[in-house]
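**Q** Could you have a look at this structure, given as structure tokens, before my questions?
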Number of protein chains: 4
Amino acid sequence: MIRLACDYQEGCHPKILQRLVQTNLESTPGYGTDQYCQSAKQKIKKACEAPDAEVFLLIGGTQTNSTVIRSILRPCEGVIAVSSGHINGHEGGAIEMGGHKVLTIEPHDGKMLAADLDRYIVDTLTAPSWDHGVIPAMVYISQATETGSVYTLAEMQAISDVCHRHNMPLFVDGARLGYALTSEGSDMTLADLARLADVFYIGGTKVGALLGEAVVFTNTKLCKNFFTIMKQGGAVLAKGRLLGLQFDTLFTDDLYFEISRHAIAMAMKLKAALKEKGYRFYAESPSNQQFVILENTQLAELEKEVQVSHWCKVDEHHTAVRFCTSWATTEENIDRVISLL
Amino acid sequence: MIRLACDYQEGCHPKILQRLVQTNLESTPGYGTDQYCQSAKQKIKKACEAPDAEVFLLIGGTQTNSTVIRSILRPCEGVIAVSSGHINGHEGGAIEMGGHKVLTIEPHDGKMLAADLDRYIVDTLTAPSWDHGVIPAMVYISQATETGSVYTLAEMQAISDVCHRHNMPLFVDGARLGYALTSEGSDMTLADLARLADVFYIGGTKVGALLGEAVVFTNTKLCKNFFTIMKQGGAVLAKGRLLGLQFDTLFTDDLYFEISRHAIAMAMKLKAALKEKGYRFYAESPSNQQFVILENTQLAELEKEVQVSHWCKVDEHHTAVRFCTSWATTEENIDRVISLL
Amino acid sequence: MIRLACDYQEGCHPKILQRLVQTNLESTPGYGTDQYCQSAKQKIKKACEAPDAEVFLLIGGTQTNSTVIRSILRPCEGVIAVSSGHINGHEGGAIEMGGHKVLTIEPHDGKMLAADLDRYIVDTLTAPSWDHGVIPAMVYISQATETGSVYTLAEMQAISDVCHRHNMPLFVDGARLGYALTSEGSDMTLADLARLADVFYIGGTKVGALLGEAVVFTNTKLCKNFFTIMKQGGAVLAKGRLLGLQFDTLFTDDLYFEISRHAIAMAMKLKAALKEKGYRFYAESPSNQQFVILENTQLAELEKEVQVSHWCKVDEHHTAVRFCTSWATTEENIDRVISLL
Amino acid sequence: MIRLACDYQEGCHPKILQRLVQTNLESTPGYGTDQYCQSAKQKIKKACEAPDAEVFLLIGGTQTNSTVIRSILRPCEGVIAVSSGHINGHEGGAIEMGGHKVLTIEPHDGKMLAADLDRYIVDTLTAPSWDHGVIPAMVYISQATETGSVYTLAEMQAISDVCHRHNMPLFVDGARLGYALTSEGSDMTLADLARLADVFYIGGTKVGALLGEAVVFTNTKLCKNFFTIMKQGGAVLAKGRLLGLQFDTLFTDDLYFEISRHAIAMAMKLKAALKEKGYRFYAESPSNQQFVILENTQLAELEKEVQVSHWCKVDEHHTAVRFCTSWATTEENIDRVISLL
């Protein structure tokens, strides 16, 4: 079975596993105070060109989103996101568990428009009885988005400007950040992101690690007591070095982006071939997720050999499915999928 | 440097690492739906002699405690623990984050006495204006306790009886369960625990795994929607197989208890030698944590070669320190420590 | 100035004030254990034809909504409401403070349609990865709605049927219940409501009291420890008799409905006159709130003498405004408003 | 029956009721935006000699404590209180509902000692792994305390100094503030309190009002969005004027302190008489609560005519009971009680 349903189906990149094997019997202090975590943080700050940033290593995406958001918001404040944002529908109510409402704007191609954001904030804060409602106080976007689209530098600059004009921090979910920054046509660097966001994270789970998300606070006024807030949320690993070793490896010799470029190359090959064959796409994506509309009997046939995600029903006879590539996707498998369609 | 400060200083047991290496490139579905998680759960239920139990694999101890407790308590209800319980002082307020108060009883030798528990419940629920206060609704104990002591079968049976007479679930924190069940003089089995507790967990992080705690609900009325509650709390790994593979290995060929017995043997050797030399102990422990009182200059000397935990100051000139053994502790290191003292 | 902006602008109905004056120096026990609270609860149960119900007296609407909802939902569960529901936009995030998401359906004429509710529940619980999202577990509707519309008996029966088929409690916000049950064309009684809802409340604040909302649990399995949950939420008055005396008075000699009928008569007189004059209405309401579209310069002129609520901007030149009647509205004032328009 | 069990057994001071009657039919805007609330706030700021303070009117004590505390603390932070503090045992877990732990110090005569507080903070923040535990971040004390004792100016100055040296806000629960400031031997004024505390409240419920607590933020950096935080917590009255009218009356012609002095005079008369008769006191109180130890059969006899609070069992044959005086206590009743003992 060829599995392309998601980008977290294999273990970790072999270089990471090799490091784990090499260091397994070393004895290190716990809770992220070991030398591997320190080294990983230094490398990440360097890659971000943000020497004064603070870096924290967490375990998974939902956990990272909820920990960052509840560390920033005060009671009665909410976070603005597009309605398709991961925090709005896929995290079991993690943001609400922290006491906060997700305030939603409609997405365009999966993305938040700066103009929509500005209008939302102004309308909300000037409405009659605005102070009886949840007060918008920070902004959440994903790079890449949940449907694979990617913010351009200009788009994210515009959102950042709106946020800061209204005195709200911008938080960027980078669960698939590697795939965004190496996507087809991307004009944004990690340093750009570090400059525009107040806090963001570099996803490891979906980009070669067993688990792990590296949160970067460039606005360090926001991260007071963040370690203890992580601890409170169950987001600290006793054997923290497991996170340090992985990110240290990913940020050595450009591995994080090398992995990402491979996944993008595989996705673009698939996309080009299917476009060529005349398939319709459910969403236009330059990154590692491709959303293709298939006829249902054809899908059933495909699924004898290939596992994909069912995204949604398009009509009685068609379904949109997701193909995901990753560091582990082989060209051989992509070729086979192309040949099957 | 010999590190005996805690039991989570190395990676994982070599057999686990071997499994990770062997399976690394296999493609499996995410979020714990893979075959390794299923297999691990079956083996755990078998080992517990609890075929109808429900098993869930979480990441770390604080997370597991808070997820289980908030899944059981309703608003205005609290959990009873001894004041030295892990949830009361070492988890950054994780239980309070879930909206609940930790109601405390004084420990005896680190343990809760059944008679104290009964008196606490009766006194609380019959006090004037009892319904203006937090209502006790479940009980939390640790096996082994935070200071290494271990409940006997009779002691835990008595606590379980009190809980059930008052219609409250008993939750047992087993972060160091392996070390408890194989401790010197232990008369309790995993099946006993499964019979007495409504829910408990089998600690992996401190007993040979990289990370992971296996929650067992024998009272399955308590675990409705538990997967989504885990998701909400950021306690679900995308690459869930990492947990499945580890517990599957630990529960193959008795590895979990083999590891534990080794750690206990090392701890008992250290304990016997230091008793023989006339050292005083801060707490009497039959398990893998040993709390020894050292003279401060002697401690400083020891620490040139051995890392231990500073537990507390005993007087101006003495400090209680903790030695922890684990699967990774070598007899050579224990001998060296003995020779240094 | 004639004030018709809302239905909580005066003190309380004179009969209530008279009772407060008469009993002011009496000494009674606190926290709702006095005889007036007991008497009020008996009268309410009688009026509801629900002798086995449990009644609790709370202070205000937002507090009542959040207390009832957090008492019913478990972690990761959400409450379904229409997007215009009071809990979704006007309560400062009170439901989220309790840890829960408000799951929204689009309203029709301010109301939830039973068919939409059924589809929402089925779609949500059968979606791929449904258990990664918030689980719908109860339903909230308002009678009358936020825009003055009123559920017919058949409509609410249909919603109740959907709820119970899916095993979810139905909670009805009755902040303006009196005005709903006496509205033009209403075919529902208090006893009908008690039969259809699992829990609902009878609004006092907007129907003649200084403050107070009477929660009626007909499904008494839902109200375990509800007093303490109220206490935890700051919803218990030390001088609880203030609530008891008011509801006891409101439910003596049909005062609650007499007040309501007066308000409806005033609203219908205004509505008929403005319809006659050709005004457009922003929402069709048979109850005490009337939403009229006014030309902006005309509105400015009116506001020299009459205070109304600005509901929303309709276009560059028109605004929808709300006129609210209550027990305190005089026919003289209504006539004056009619003459001004 | 003479009722002295608590200080919230009657309605309100007649002057307040008179104002309610006089203004009942006036029409005012809602949610505390009326002129009576404005006037009350001005008078309170004047009485506090704190012209730049911000004043908010809430409903009851538990609500006020939880709203203030959750508005100040961030995640993982806790509030320090004595173990007998109201927030620790009598509020149904209201502070925990807001996500925060109550960190306790043992009281001396019901009060927190500045030296204990200092030691607690230093010990907590310098302990090993301090950042794995809840971080103390504000201090709560009650004036008068739960057992009637009263902080002297020097004592509160010392506590305030400790708080500010450690950069923590001091919050003073003044549910019985009037009785504290007019207590026997009191050397503190309202202006002193306003100078020493960052935020405190002036209790109305127990000092002549039907309900109401006036929160005064002298440290106005702490009260951003406080109105909406109140709204979120269900602490805003639609008919907010009910609070404004009461505090406006209480702070006219010194009524608040006049009431308080009367209650103190009654309490001191009772105390002196019982001391004279040789009764033992459970706690030494200079304020309106007197805790007397009675022999059980004598208590049973007394209770045929007088209602008191059972505070606690002293031994098999004795019980400590509480007598509370208030604005409504008559000298005739006090004389009668004295004659019965």
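**Q** At what distance in angstrom do the alpha carbon centres of segment C:1-73 and segment A:204-260 lie from each other?
**A** 53 Å
**Q** Right, next: Given labels modelled 7 Å from the Cα in the Cβ direction, how far is it in nm from A:Arg195 to A:Asp335?
**A** In this crude label model, A:Arg195 to A:Asp335 measures out at 4.2 nm.
**Q** Below 9 angstrom from the Cβ of B:Gly244, what's the summed charge of the other residues (Lys, Arg +1; Asp, Glu -1)?
**A** 0
**Q** Once the label point is set 7 Å along the Cα-to-beta-carbon vector, what list of distances in nm do you get between C:Ala127 and its counterparts in the other copies?
**A** In ascending order, 2.2, 4.3, 4.5 nm.
**Q** In debye, nearest 20: dipole of segment D:83-199 around its Cα centre with unit charges on the Cβ of K, R (+) and D, E (-)?
**A** In debye, rounded to 20, segment D:83-199 gives about 160.
**Q** Counting other Cβ atoms within 10 Å of each Cβ, which trypsin sites (Lys or Arg not before Pro) in segment D:242-305 have at most 13 and sit in a DSSP loop?
**A** D:Lys277, D:Arg280, D:Lys304
**Q** Separate question: What is the extension gain from D:Gln157 to D:Asp109, computed as 0.36 nm multiplied by their sequence separation minus the C-alpha to C-alpha distance, in nm to one decimal?
**A** 15.5 nm
**Q** Threshold 10 Å², probe 1.4 Å: give the residues of segment B:119-158, in number order, that are less accessible with all protein chains present than with their chain alone.
**A** B:Pro128, B:Asp131, B:His132, B:Gly133, B:Val134, B:Ile135
**Q** Can you pull the one-decimal nm distance between simple spin-label points at B:Lys304 and A:Gln38, each 7 Å off the Cα toward Cβ?
**A** Taking the two extended label points, one gets 2.2 nm.
**Q** To one decimal in nm, how far is B:Lys224 from the same spot in the other copies, if labels go 7 Å from Cα toward Cβ? Please give the shortest first.
**A** 1.0, 4.1, 4.2
**Q** Could I ask something else about it? Rounded to a whole number, what % of the accessible area of chain D do carbon and sulfur atoms account for, probe 1.4 Å?
**A** C and S fraction of accessible area: 51 percent.
**Q** Here is a follow-up. Work through the residues other than D:Asp123 whose Cβ is under 12 Å from its Cβ and net out their charges, Lys, Arg +1 and Asp, Glu -1.
**A** With Lys, Arg at +1 and Asp, Glu at -1, the net is 0.
**Q** Calculated from DSSP H runs of 4 or more alone, at -39500 (n - 2.57) each and per residue, what is the 222 nm mean residue ellipticity of chain D, nearest 500?
**A** -11500 deg cm²/dmol
**Q** How would segment B:14-253 be classified by its alpha-carbon gyration tensor: rounded, prolate or oblate, with rounded meaning a/c under 1.5 and the a/b versus b/c comparison settling the rest?
**A** Prolate, because a/c is 1.5 or more and a/b exceeds b/c.
**Q** Antiparallel as a % of all DSSP beta bridges within segment D:106-232, to the nearest 5?
**A** Counting DSSP beta bridges with both partners in segment D:106-232, the antiparallel share is about 50 percent.
**Q** Lys and Arg at +1, Asp and Glu at -1: add these up for the other residues within a Cβ distance under 14 Å of C:Val207 and post the number.
**A** Around C:Val207, the charge tally is -1.
**Q** Check which residues have an amide H placed less than 5 Å from B:Ile80's amide H, if you skip close sequence neighbours.
**A** B:Leu103, B:Ala137, B:Met138, B:Val139, B:Tyr140
**Q** Roughly how many debye, to the nearest 20, is the charge dipole of segment C:14-253 about its Cα centre, given +1 on each Lys and Arg Cβ, -1 on each Asp and Glu Cβ, and no other charges?
**A** 860 debye
**Q** Using only atoms on other chains, find how many Cβ atoms lie within 10 Å of each Cβ of peptide C:53-66 and report the average.
**A** Mean number of neighbouring Cβ atoms from other chains: 3.
**Q** Further question: Counting pairs of alpha carbon atoms under 8 Å apart in space and at least six apart in sequence, what relative contact order in percent does segment B:14-253 give?
**A** It rounds to 31 percent for segment B:14-253.
**Q** Nearest-5 percent of antiparallel DSSP beta bridges in chain A?
**A** If I count the DSSP bridges inside chain A, around 60 percent turn out antiparallel.
**Q** Ok, one more. At 1.4 Å probe size, with every protein chain present, just tell me what the per residue accessible area of chain B comes to in Å².
**A** About 34 Å² of surface per residue is accessible.
**Q** Something else: Can you pick out the pairs among C:Lys231/D:Lys239; A:Lys43/B:Lys43; B:Lys45/D:Lys101; D:Lys43/D:Lys206 whose Cα atoms lie more than 30 Å from each other?
**A** Over 30 Å apart, Cα to Cα: A:Lys43/B:Lys43; B:Lys45/D:Lys101.
**Q** For the pair C and D, how large is the buried accessible area, both sides, in square angstrom to the nearest 100, if the probe is 1.4 Å?
**A** 3900 Å²
**Q** Provide a list, ordered by number, of residues in segment C:13-31 showing at least 50 Å² less accessible area with every protein chain present than when their chain is taken on its own, using a 1.4 Å probe.
**A** C:Leu17, C:Asn24, C:Ser27, C:Tyr31
**Q** Let me ask something additional. Which order do you get for B:Thr124, B:Thr64, A:Thr33 if you rank them by accessible area with a 1.4 Å probe, largest at the top?
**A** A:Thr33, B:Thr124, B:Thr64
**Q** Name the most mobile residue of D:Ser149, D:Ser186, D:Ser326, meaning the one with the largest mean-square fluctuation, in a Gaussian network model of chain D with Cα contacts below 10 Å.
**A** D:Ser186
**Q** Measuring nothing but label to label, 7 Å from Cα along Cα→Cβ, what are D:Thr297's distances to the other copies in nm, shortest first?
**A** Here the equivalent label points are 6.9, 9.2, 9.9 nm apart from this one.
**Q** Another question, if that's okay. To the nearest 20 debye, what is the magnitude of the charge dipole of the protein assembly as shown about its Cα centre, counting +1 on the Cβ of each Lys and Arg and -1 on the Cβ of each Asp and Glu?
**A** Once rounded to the nearest 20, the dipole reads 0 debye.
**Q** With chain C rotated onto chain A, spot the residue of C whose Cβ lies nearest the axis and note the distance in whole Å.
**A** Here the nearest residue and distance are C:Glu96, 2.
**Q** Now, a different point. Go ahead and set up a Gaussian network model of chain B, Cα springs under 10 Å, then flag whichever of B:Leu250, B:Leu237, B:Leu25 fluctuates most.
**A** Judging by the Gaussian network model, the answer is B:Leu25.
The values are calculated or read from the model by the stated rules, or taken from the named source; none is laboratory data. In this text the structure is predicted, and so the values were computed from the model without any measurement. Every residue, glycine among them, receives a Cβ derived from its backbone with ideal geometry; neighbour counts consider all protein chains shown. These area figures cover heavy atoms from the full protein model, side chains too; ligands, DNA and RNA do not enter into them. Shrake-Rupley method; radii C 1.70, N 1.55, O 1.52, S 1.80 Å.
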